[in-house]
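First up is the structure itself, then whatever we jot down about it.
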Amino acid sequence: MHEGHEQMFRRRFFISTLLSIPVLLYSETLQEWLGFSVPAFPGSEWINPVFAVVVFAYGGIPFLQMAVPELKDRAPGMMTLISMAITVAFVYSLASVVFPTQSAFFWELVTLIDIMLLGHWIEMRSVRRASSAVDELAKLMPDTAERITDDGDTEEVPVSELSEDDLVLVRPGASVPADGIVEEGDSDVEESMITGESKPVSKEPGDEVIGGTINGDGSLRVRVGATGEETTLAGIMRLVEEAQQSKSKTQVLADRAAGWLFYVALGAAVVTAIAWTIAVSFDATVIERVVTVLVIACPHALGLAIPLVVAINTSLAARNGMLVRDRIAMEEARNLDAIIFDKTGTLTEGEHGVVDMVTVDGVAEDEALALAAAVESDSEHMIARAIREAAEQRDLTAPDATDFEAIKGRGVRASVDGNEVYVGGPNLLTQLDSEVPNHLQRFADEAGQNAQTVVYLVRERELVAAFAMADVIREESYAVVDALHDLGIEVAMLTGDSQDVANAVANELNIDTVFAEVLPEDKDKKVQELQDEGKLVGMVGDGVNDAPALMRADVGIAIGSGTDVAVQSADVILVQNNPMDVVRLVKLSRASYRKMQENIVWAAGYNVFAIPLAAGVLAPIGILLSPAVGALLMSLSTVIVAINAQLLRRVNLSLPNLPEAAPPTDAQAAD
């Protein structure tokens, strides 16, 4: 749409400008001002009105057409004001041909239309360029793919014909045609255009690949997992389009201001007409003042001030792996007082391992580990995977387990050899009312001091073993916490782990507030606690388990969900599993809002000073604005707003200015 309007305004601007040249040359006012003359010939007196009518009919009609919907909706705005200004000038000038007056507005009329066309051409061009993120994303997807047939040959087919479970060949340097899983081959894949990751990502069998990314030097065979509208790229494009179409609070305010300006302009025009009529009686001077007021009041720059910043903001965010679903939330990010991080997988790596264990008398370590692996055999939780991996490393064979059940927020239960066996954390012991032997309690205390999580094995409601699990704090987390503190934002951490584990991680990272031993269904209550203190709260989680908390937060941020762009609970989705992007989000929000404020000052502030000047408040000292000069000043304001919005692109989000916060040399363990 913007491209079509851009070409239309561009074409009409150039043609109207050419048609305006005779009007300018045969304008007596300009001849007098500039000291030149042109040959007169029979009928030359009709050059001005004839060419002005053509310019009005060709260059001015689009504004009249676009004003109709505003009037039908009873929401007058920019197009209504422009239409009113050029119509008044046009009618007055034609009337001056029939009823000779002191001056006509032919040259002012054509230059006004030309300048308006130029301004709208610049606006459409700027918005079209800023909104090109979706088009750029669409270009990433190749048109064809090499599908591997049942006999092992390849056939070139359109990407639209690919189906789930098809096997495709991705040659070196080619684009991946669809989301899928690598079945064969090793290569580095360039994903920066999707995830913002600056370095190519190594891929091997079992790894996921995203459609639209570019393969490196190796050859890959990929089993298609999603096509068409189900792909990550399609989801990103939908989110970018939604964000560009949504309105922020500032944009809504600007739209309302444009409507108010219509009534202000009418009021100012009426007052101007009355005041000048009283002062000099009703004549051409009164009409000229009224027309000038209407021209000055056109909210052209105000209409561009916010949408252009929003378009550039969304484009920058998408290119840096930040998918904005809610414009208002994006704007609110600048005001956040506190940000809550879900600990595991966000501030920490999220990869657990069994680092130590202890059993009660009469139970061997291998027996306890095999029993725990049996109970966890059907679970996909990271702790379950860690226990199974530990059993595999010892070459243990887990007995058969039946009647598996996940106990939300506490652990799992299964039946093994006729015994009811549980594996879980401290909340599980509370539910089962199990007593903890002294030596297991000492083991748990020491593990907590080392920032390790303790998982218990319970058989027939008797505690038989404890396992110490460790996770590693991300290196980026140190810098992120310090950067948020530097931005004046409180950092909180929320986890279902024990208080000792949570405190160890919080002390290591210098986190302000800790919520430990929190069940999934209670996470949103912790967000509410901070909100009840009058704080604007952001929540950073995985977008699935933390859905209630993300929805409760003022700004919900899903992190590490690059291949799950359909997360409905988050306001902003960060494609990379990197907490550093939270800092980028706040920086971009603040920079964008500054540009919005600056543009509103340029646009609305200009009207505050220009309307009284156009009305003639300085006429006693000889300062009067003609309609053409008013249009020129208005368009200058528009150009300044457009240039100022483009400066937002200079915000460096790829390398944010973070405080120096180097992590310790040795990786620190955390739950």
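Here is a check on your reading of the model: is A329 crowded, with 18+ Cβ neighbours inside 10 Å, in contact (Cβ under 8 Å) with a residue 12 or more places away in the chain and within 30 Å of R594 (Cα to Cα)? First the steps, then the outcome.
Details: crowded, with 18+ Cβ neighbours inside 10 Å: yes; in contact (Cβ under 8 Å) with a residue 12 or more places away in the chain: yes; within 30 Å of R594 (Cα to Cα): yes.
Against the criterion (crowded, with 18+ Cβ neighbours inside 10 Å, in contact (Cβ under 8 Å) with a residue 12 or more places away in the chain and within 30 Å of R594 (Cα to Cα)), A329 qualifies.
Restricting to the stretch 492-525, and then to whatever is crowded, with 19+ Cβ neighbours inside 10 Å and among the polar types (S, T, N, Q), can you tell me which residue is modelled with the lowest pLDDT?
The residue in question is S498.
Going by the conditions given, is T430 outside any loop (DSSP other than H, G, I, E, B), closer than 19 Å to G496 by Cβ and not aliphatic (A, V, I, L, M)?
Values: outside any loop (DSSP other than H, G, I, E, B): yes; closer than 19 Å to G496 by Cβ: yes; not aliphatic (A, V, I, L, M): yes.
Yes; evaluated as a whole, the condition is true for this residue.
If I ask for residues that are part of a strand (DSSP E or B), open to solvent by 30 Å² or more (accessible area, probe 1.4 Å) and either over 10 Å from D378 (Cβ atoms) or of a type in the set (A, V, I, L, M) (or both), which ones from the stretch 404-415 would you list?
Hits for the stretch 404-415 are A406, R413.
Any chance the stretch 123-133 includes a residue that's at pLDDT 80 or above and out of contact with any Leu (no Cβ under 7 Å at 6 or more places or on another chain)? Steps first, answer last, please.
Step one: of the stretch 123-133, the residues at pLDDT 80 or above are none.
For the stretch 123-133, residues at pLDDT 80 or above and out of contact with any Leu (no Cβ under 7 Å at 6 or more places or on another chain): absent.
Condition check: open to solvent by less than 50 Å² (accessible area, probe 1.4 Å), touching a helix residue (DSSP H, G or I) at 6+ places or on another chain (Cβ under 9 Å), at pLDDT 80 or above and not in a helix (DSSP H, G or I). Does G225 satisfy that? Explain how you work it out, then say what you get.
Working: open to solvent by less than 50 Å² (accessible area, probe 1.4 Å): yes; touching a helix residue (DSSP H, G or I) at 6+ places or on another chain (Cβ under 9 Å): no; at pLDDT 80 or above: yes; not in a helix (DSSP H, G or I): yes.
It is false that G225 is open to solvent by less than 50 Å² (accessible area, probe 1.4 Å), touching a helix residue (DSSP H, G or I) at 6+ places or on another chain (Cβ under 9 Å), at pLDDT 80 or above and not in a helix (DSSP H, G or I).
Residues of the stretch 522-544 being over 26 Å from the mean Cα position of the chain (by Cα) and more than 27 Å from Q449 (Cα to Cα), which ones?
Across the stretch 522-544, the qualifying residues are K525, E529, D532, E533.
Anything in the stretch 464-491 that is assigned to a strand (DSSP E or B), modelled with pLDDT of 90 or more and more than 18 Å from D342 (Cβ to Cβ)? List them, or say none.
Scanning the stretch 464-491 gives V464, A465, A466, F467.
Scan E164, E191 and give me the residue that is open to solvent by less than 20 Å² (accessible area, probe 1.4 Å), charged (D, E, K, R) and either modelled with pLDDT of 90 or more or more than 13 Å from E146 (Cβ to Cβ) (or both). Before you say what the answer is, go through the steps one by one.
On the way: E164 fails: open to solvent by less than 20 Å² (accessible area, probe 1.4 Å).
Only one candidate passes the filter, namely E191.
The values are calculated or read from the model by the stated rules, or taken from the named source; none is laboratory data. Computed from a predicted model, the values in this text were never measured in an experiment. Cβ sites come from the backbone with ideal geometry, for glycine too, and all protein chains shown count toward neighbours. The accessibility values were calculated without ligands, DNA or RNA, using every heavy atom of the protein model including side chains. Shrake-Rupley method; radii C 1.70, N 1.55, O 1.52, S 1.80 Å.
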